[in-house]
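The values are calculated or read from the model by the stated rules, or taken from the named source; none is laboratory data. Note that the coordinates shown come from a computational prediction; the quantities given were computed from them, not determined experimentally. Note that we place each Cβ from the backbone using ideal geometry, even for glycine, and neighbour counts take in every protein chain shown. These area figures cover heavy atoms from the full protein model, side chains too; ligands, DNA and RNA do not enter into them. Shrake-Rupley method; radii C 1.70, N 1.55, O 1.52, S 1.80 Å.
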Amino acid sequence: MDMHTVVVGTSGTTAEDVVAVARHGARVELSAAAVDALAASRLIVDALAAKPEPVYGVSTGFGALASRHISTDLRARLQRNIVRSHAAGMGPRVEREVVRALMFLRLKTVASGHTGVRPEVAQTMADVLNAGITPVVHEYGSLGCSGDLAPLSHCALTLMGEGEAEGPDGTVRPAGELLAAHGITPVELREKEGLALLNGTDGMLGMLVMALADLKNLYTSADITAALSLEALLGTDKVLAPELHAIRPHPGQGASADNMLRVLAGSGLTGHHQDDAPRVQDAYSVRCAPQVNGAGRDTLDHAAVVAGRELASSVDNPVVLPDGRVESNGNFHGAPVAYVLDFLAIVAADLGSICERRTDRLLDKNRSHGLPPFLADDAGVDSGLMIAQYTQAALVSEMKRLAVPASADSIPSSAMQEDHVSMGWSAARKLRTAVDNLARIVAVELHAATRAVELRAAEGLVPAPASQAAVAALRAAGAEGPGPDRFLAPDLAAADAFVRAGGLVAAVEPVTGPLA
């Protein structure tokens, strides 16, 4: 477990801290300012709770039941009940890193001092994270409005010592047993606290932050594989010239073109248009790679801006304002996050699509400019990478289905009180699948392009130094080069793991310098 410590203050958090806690087990501490803010806002809630006038979330029911004034003796029961009843998720468990991000981001909002939660509740949230206890959260249950209600409820249930959770050893046990084993006292919720633990966009935001981290690596990796494919197809690197991209100044396009140009520096394969198979221009999948990859990069940048704003937000309903008012609001609506989650699924699908088109071109003897059919050792006896492209095509087809926006849908709930919802959790869940698939698609292109580059090298054409570094690193990672047919799945799995872990970028940067 990473001994890095993330200090949670009153003004939000960073994407880097989310990843550190969610994926790398970083410890969490509350700042002194956060503890003070928690205590101050709790005084306001306690004062309102003592008044005879009903205040939403403090002394009333919730949602469509908000009109009922709850007497003092029933309020603790009300807070427990909202957690129990809302912990209604179904389906498979979601991943540990998603649950940790969910809990950490809820703690981030609680620590802002705008929720009215007591300091000891926030401290228990930190203690659960630091103990490596992960509540069991299910796939289905969030509509992305009024927060990720069911997922957050399952986390709150663990704080109460109820339900099930996974211990640091990976074993699922009753949450009360796990808390006791780590010396953590279950919380007894008071006015507003149950509601405050449930009302947030934390699940969809956590998945957005992690998807952005993964996609940054995949977009740089895809620039490298596009360069390798261009090289293997004896394409021209003249289309990557900075002056061409300067007259259409989309930042991502320029960055991708520069990445490709750096990878191809010193290549003996580029610019052979007039050798044996004259052609005026390369195909779009080769020539337009910077435009497609770059448009995706710009979409990532937009999504990162939205994520940054949400990371700085305090999402709850009602909220405690600095002047002492407790006001209802609609900030829990997930639309801003849901939209960019869907945007990312769209650009990921298109990136996968252009990768697959280059792979198909490498394998087709009528379009590969002299490469053997399917890059096979003895075509006819050997099938080469024929079915690797089938696998890649199946992944691309699923990516297109996953690109259908979830945020364009809405379904009313809570007796029509919550009559428009974001479906942001669903957008996030399908994006996670899309990101996984994209890594596999890029890996197949990498495997095909490196094999093709090696076949060109065998003919006496010298690949770029960065290409040679990529080939050597991939082979060292367990994906073998040209030769007779063999069990292919392990090679593809090795290439996938290599790309996913950032191995491709790490292999070429010592040659190219840092890539965008």
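Tabulated data
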read-out	value
Trypsin sites (Lys or Arg not before Pro) lying in DSSP loop within segment 41-101, provided at most 15 other Cβ fall within 10 Å	Arg68
Cα-based convex hull volume of the chain per residue, rounded to whole Å³	153 Å³
Cut-off 16 Å (backbone N to label point 7 Å along Cα→Cβ of Ser11), residues of segment 100-132	109, 111-114
D_trans [Stokes-Einstein, Kirkwood Rh over alpha-carbon pairs] for segment 154-253, 20 °C, 1.002 mPa s, µm² s⁻¹	114 µm²/s
Between helix 251-264 and the chain: long-axis angle, C-alpha atoms, 0 to 90°, nearest 10	40 degrees
Calculated FRET efficiency for the pair Arg401/Ala180, C-beta based, R₀ 51 Å, to 0.05	0.65
Gain in span if fully extended, Ile411 to Arg325, counting 0.36 nm per residue against the direct Cα distance	27.8 nm
Semi-axes of the equivalent ellipsoid for segment 400-507, Cα gyration tensor, largest first, Å	43, 13, 11
Whole-Hz couplings from phi, Karplus 6.51/-1.76/1.60, listed for segment 399-405; x for Gly and Pro	4, 5, 5, 5, 7, 5, x
Space enclosed by the convex hull of the alpha-carbon atoms of segment 445-516, per residue, Å³	83 Å³
Cα-Cα separations in segment 265-424 greater than 22 Å, expressed as whole percent	63 percent
Of every Cα-Cα pair in segment 475-514, the percent that sits beyond 14 Å	52 percent
Segment 249-351: radius of gyration over Cα atoms, expressed as a fraction of 2.2 N^0.38 Å	1.75
Rounded FRET efficiency, nearest 0.05, which uses the C-beta distance separating Asp419 from Asn366 and R0 of 56 Å	0.50
Whole-Å distance, taken between Cα centres, linking segment 128-182 and segment 235-252	50 Å
Bridge type composition, the chain - antiparallel percent by DSSP, nearest 5	70 percent
Using a Förster distance of 45 Å, the FRET efficiency for Leu74-Asp436 (Cβ separation, nearest 0.05)	0.45
Difference of contour (0.36 nm per residue) and Cα-Cα distance, Met386 to Asp36	119.7 nm
All lysines inside 24 Å of Lys192 as judged from Cα atoms, apart from same-chain residues fewer than 8 positions distant	Lys51, Lys108
Karplus-derived 3J(HN,Hα), 6.51/-1.76/1.60, for each residue of segment 357-374, Hz, glycine and proline x	5, 5, 4, 4, 5, 4, 8, 8, 4, 7, 10, 9, 6, x, 6, x, x, 6
Carbon + sulfur, % of accessible area of the chain - ligands and nucleic acids excluded, 1.4 Å	57 percent
Rounded Å value of the spacing that divides the Cα centres of segment 202-230 and segment 390-446	15 Å
On Cα atoms only, tilt of 202-232 relative to the major axis of the chain in degrees	0 degrees
Segment 290-333 and segment 463-483: distance between their alpha carbon centers, rounded to Å	42 Å
Spin-label model distance (nm) - Tyr284 vs Ala476, 7 Å beyond Cα toward Cβ	3.9 nm
Using alpha-carbon coordinates, inclination of helix 424-458 to the longest axis of the chain, degrees	20 degrees
Sequence-distant residues sharing a close amide H with Leu30 (under 5 Å, placed H)	Val8
Computed lengthening from Glu243 to His24, 0.36 nm per intervening residue step minus Cα-Cα distance	74.6 nm
Å² of accessible area per residue within segment 212-346, as computed with a 1.4 Å probe and no ligands counted	40 Å²
Long-range HN-HN contacts of Glu164 with modeled amide H, under 5 Å	Val136, Ala175
Under Karplus coefficients 6.51, -1.76 and 1.60, residue-wise ³J(HN,Hα) of segment 107-113 in Hz, glycine/proline x	4, 4, 6, 4, 5, 5, x
Relative packing of peptides 387-396, 144-153 - highest average C-beta neighbours within 10 Å first	144-153, 387-396
